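Report on the following structure.
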Protein chains: 2
Amino acid sequence: MTDLPRYLQLLWGREPAGRRGPRPGRTIHEIGAAAVAIADENGLEAVSMKSVATAVGFTTMSLYRYVDSKDELYAVMLDVAYGPPDLRFRPESAWRERLTAWARRITERRLAHPWIVEVPLAAPPLSPSMIAWMECGLAALDDTPLTSQQRLSAMLAIDGWGQNHVRQTIQMGLSGEIDPDSPQGAYLQLIGQLVEADRFPHLASAGPEALDGDEAAFFEEEFAYGLGLLLDGIAALIARQS
Amino acid sequence: MTDLPRYLQLLWGREPAGRRGPRPGRTIHEIGAAAVAIADENGLEAVSMKSVATAVGFTTMSLYRYVDSKDELYAVMLDVAYGPPDLRFRPESAWRERLTAWARRITERRLAHPWIVEVPLAAPPLSPSMIAWMECGLAALDDTPLTSQQRLSAMLAIDGWGQNHVRQTIQMGLSGEIDPDSPQGAYLQLIGQLVEADRFPHLASAGPEALDGDEAAFFEEEFAYGLGLLLDGIAALIARQS
DNA sequence: CCGTTACTGCGTAGAGGACAAGCAGTTGAG
DNA sequence: CTCAACTGCTTGTCCTCTACGCAGTAACGG
């Protein structure tokens with residue numbers, strides 16, 4: 001019986017009944033929200049113990065009453081930033097429609113807080129919201145003949161791919177936000193400079209083509225395409241299995 | 001015409017012909033190799049400017065002659081750790097076989113240096129090895145009727161999923177390496193503690209089942225399963241397109 | 001052949017980060 | 001009431017990345 005780290009007890013509301021000392025001045029959710037606000041405004045690297053503490057009206061060290069390390073603070077931030085899934089599946093809906101809705105919803109959350117995809121994590125988060133999202137994703141596959149483990153893997157595959165898609169798009173400067181310092185397409189320009197057509201024929205032909213369309217639409221197109229790949233794969237598996 | 005950052009010039013061997021001062025005492029590859037060795041032995045967090053510098057016989061600040069920031073050092077580390085792809089496709093091989101081989105090979109590299117998947121990167125790396133791996137992955141799709149952009153997306157989807165699979169497996173302590181500090185399955189034990197069957201029925205049934213089999217085989221099974229999903233998706237797309 | 005010049009690696013030093021440890025005040029339990 | 005637990009605060013340590021100025025070296029231009 002491993003006992004839970006403090007921040008998880010707090011997040012799940014599992015506090016022992018008899019409390020002795022003074023009431024805590026803040027909740028972890030307030031702390032998490034403050035950290036999220038800082039990250040939203042000034043980026044993840046602006047989140048330090050000090051900055052978060054002063055934001056909630058604490059000194060640096062007081063934060064450690066709620067969170068044992070910065071990694072745990074990150075976990076709390078993720079829980080607050082994702083929030084609980086607001087998603088109800090109509091009972092007559094099929095798995096493909098459900099899973100699509102789920103993937104889009106969780107991707108919206110990531111795009112709303114782009115730093116999410118660059119949070120360094122030592123372990124998959126066990127916070128309430130994250131667990132709820134997982135549960136929700138599994139529920140989307142309810143009407144399939146897949147085993148529990150197959151459903152889990154399928155969901156994790158979609159989730160992992162989606163997270164990576166958001167990250168890559170942001171990294172290449174193609175996410176909605178325009179950064180005046182690095183002009184859009186600068187990255188692809190660099191590629192063009194390095195990738196001589198004779199040594200890397202495939203990349204050379206794919207590079208410019210990728211930039212052809214509208215950049216705002218780029219994310220959406222690629223998202224739909226990649227998700228389609230995954231879903232078709234799941235469909236093939238289901239067809240083989242039933 | 002954006003000009004390249006120094007570390008990229010060095011990695012690609014693009015130095016101006018006429019060099020004035022004394023020859024550099026080390027190459028970036030030596031520096032990268034030293035950093036990789038440190039990360040392999042003591043983890044990524046042990047890689048600091050100081051530790052790498054002393055490893056190659058420099059003082060801390062001398063490293064900045066080769067690399068302008070730590071992020072660039074990370075990029076060099078990735079280039080060295082992945083290395084160039086040692087992969088030749090037989091001309092008669094089909095795309096599915098090729099892509100499978102490619103995915104396995106690049107995953108091997110990641111498992112050989114598990115810290116790879118937790119390197120924080122601001123942009124997709126443009127180093128020679130990385131570019132070569134991309135090119136190689138695209139070449140695997142040579143005999144398909146897909147457009148260049150579709151091939152690129154398909155490859156990135158597989159790559160992104162694979163990277164995430166490695167990361168998640170390591171995070172849950174299920175990668176080959178046994179860490180005596182955190183007993184295997186501790187993570188899943190925690191899940192079991194939090195996920196009450198009534199609130200999260202799907203997760204509750206998937207959790208224990210996932211741990212049933214041999215842990216060493218877990219990675220391989222899941223890898224094959226997820227890769228199969230992606231490949232089936234690509235196959236479906238090809239079938240629809242031809 | 002000799003200055004000039006670009007380039008090398010080194011030493012100092014500073015700002016900011018995550019925490020460890022000990023302290024005074026507050027609240028509930030016995 | 002008394003005690004013990006719990007609060008948030010203060011102080012201080014160690015480590016990180018990196019800006020800046022330095023002395024020596026090797027090639028280039030004359």
Total residues in segment B:189-200, condition within 7 Å of chain A (Cβ to nearest Cβ) and of a type in the set (D, E, K, R): 0
- request: Would you tally the residues in segment A:113-129 being touching an Asp or Glu at 6+ places or on another chain (Cβ under 9 Å) and open to solvent by 20 Å² or more (accessible area, probe 1.4 Å)?
  value: 8
task: May I ask you to list pairs of residues, at least six apart or on different chains, whose Cβ atoms are under 9 Å apart, with the first in segment B:82-108 being at positive phi and the second being part of a helix (DSSP H, G or I) and open to solvent by less than 40 Å² (accessible area, probe 1.4 Å)?
output: B:G83/B:S129
field: Restricting segment B:73-91 to residues that are within 14 Å of chain A (Cβ to nearest Cβ) and within 16 Å of DNA strand D (Cβ to nearest atom), the residue that is surrounded by the most Cβ atoms within 10 Å (Cβ to Cβ)
entry: B:A75
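Yes/no per residue for (1) outside the structural domain of B:G13 (by TED's automatic domain parsing); (2) closer than 30 Å to A:E45 by Cβ; (3) crowded, with 21+ Cβ neighbours inside 10 Å; (4) away from DNA strand D (no atom under 16 Å from the Cβ):
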position	(1), (2), (3), (4)
B:A55	no, yes, no, no
B:V67	no, yes, yes, no
B:D71	no, yes, no, no
B:L111	yes, yes, no, yes
Number of the exception - A:D68 against (1) away from every other protein chain (no Cβ under 14 Å); (2) touching a residue at least 24 places away in the same chain (Cβ under 8 Å); (3) assigned to a helix (DSSP H, G or I): (3)
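Yes/no per residue for (1) at pLDDT below 80; (2) within 7 Å of chain A (Cβ to nearest Cβ):
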| position | (1), (2) |
| --- | --- |
| B:W133 | no, no |
| B:D142 | no, no |
| B:I158 | no, no |
| B:I170 | no, no |
| B:H202 | no, yes |
| B:E215 | yes, no |
field: A:L152 surrounded by fewer than 16 Cβ atoms within 10 Å (Cβ to Cβ), touching a helix residue (DSSP H, G or I) at 6+ places or on another chain (Cβ under 8 Å) and modelled with pLDDT under 95
entry: no
- prompt: What about B:E135, is it among the acidic types (D, E), touching a Lys or Arg at 6+ places or on another chain (Cβ under 9 Å) and in a helix (DSSP H, G or I)?
  reply: yes
Per-region count, segment A:1-48, residues free of Cβ contacts under 8 Å to residues at least 40 places away in the same chain, under 20 Å from A:V117 (Cα atoms) and assigned to a helix (DSSP H, G or I): 7
statement: Of (1) at pLDDT 95 or above; (2) within 12 Å of DNA strand C (Cβ to nearest atom), A:G57 fails just (2)
query: Which is within 11 Å of DNA strand D (Cβ to nearest atom), more than 14 Å from chain B (Cβ to nearest Cβ), among the hydrophobic types (A, V, I, L, M, F, W, C) and out of contact with any Ser or Thr (no Cβ under 8 Å at 6 or more places or on another chain), of A:M49, A:M61?
result: A:M61
- prompt: Only one of (1) closer than 29 Å to A:L194 by Cα; (2) open to solvent by less than 90 Å² (accessible area, probe 1.4 Å); (3) within 11 Å of DNA strand C (Cβ to nearest atom) fails for B:A33. Which number is that?
  reply: (3)
message: For A:L44, only one of the following conditions fails: (1) within 12 Å of DNA strand C (Cβ to nearest atom); (2) more than 14 Å from chain B (Cβ to nearest Cβ); (3) open to solvent by less than 50 Å² (accessible area, probe 1.4 Å). What is its number?
response: (2)
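The values are calculated or read from the model by the stated rules, or taken from the named source; none is laboratory data. Remember, it's a predicted structure, so these values are computed and weren't measured experimentally. Here the Cβ is made from the backbone with ideal geometry for all residues, glycine too, and neighbour counts use every protein chain on show. Keep in mind that these areas ignore ligands, DNA and RNA; they rest on the heavy atoms of the full protein, side chains included. Shrake-Rupley method; radii C 1.70, N 1.55, O 1.52, S 1.80 Å.
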